[in-house]
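Nothing in this text is a laboratory measurement; each read-out follows from the coordinates by a stated rule. Model, not experiment: these values are computed from the prediction. Every residue, glycine among them, receives a Cβ derived from its backbone with ideal geometry; neighbour counts consider all protein chains shown.
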């Protein structure tokens, strides 16, 4: 099993550009999520999905879009990049969303810089 | 809104010392997670617990539901334990249980 994979590892964008961060998992997990990690702050939830075709907003969704057409893939789209979106982005997955069955498996992260 | 507070923020220890990292949270939860973030950035799950105590090798995690408090202990610390340790909680079932709330992390440095 590859676990949770993310591409790219690093990305530099100019303000206003759009891009998609890719996330895939091969563990047949129902629940997938995107977090951003900024210095001095804890991980913050951007969007999450409890299964194919179902997505919802987390704590900091503005400027990001997601879709979940398959169980395996959960891409994160930046619609018009802003310097405030400079961050490290982590994708995570788990069997379910709540309780004792939601051990989180994290991808390696994408370091994004917006100039 | 659930708040998760970790202490200390930074911790330096000599190799072999017993280490304790604390986590407090403000609302009822269904589970608490301890995560480790390596210097290279990768995050792995160490423990997930809702009551009592769990042990993996030199790591021990405890939780007191009544006091809304958890501790992560490392016995016989080693330089390879140097990392950021993150506490996260998932609230009781319902829509909110999907949204993990994370502490800011405790940066541990173990000196040989």
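Which residue fluctuates the most in chain A, going by a Gaussian network model with Cα springs under 10 Å, if the choices are A:63, A:53, A:40? Looking only at A:63, A:53, A:40, the largest GNM fluctuation is found for A:40. The Rg/Rh ratio of the range A:16-96, with both radii computed over alpha carbons and Rh defined as the Kirkwood radius, is 0.96. Exposure proxy for A:90, A:10, A:105, A:74: other Cβ atoms within 10 Å of each Cβ, ordered fewest to most, give A:10, A:105, A:90, A:74. With both residues required to sit in the protein assembly as shown, DSSP beta bridges show an antiparallel share near 90%. Residues B:45, B:70, ranked from the fewest to the most other C-beta atoms within 10 Å, line up as B:45, B:70.
Within chain B, antiparallel bridges make up roughly 90 percent of the DSSP beta bridges whose residues both belong there.
Taking every DSSP bridge with both residues inside chain A, close to 90 percent are antiparallel.
Computing FRET efficiency as 1/(1 + (r/R0)^6) for residue B:109 and residue A:52, where r is the C-beta to C-beta distance and R0 is 45 Å, gives about 0.60.
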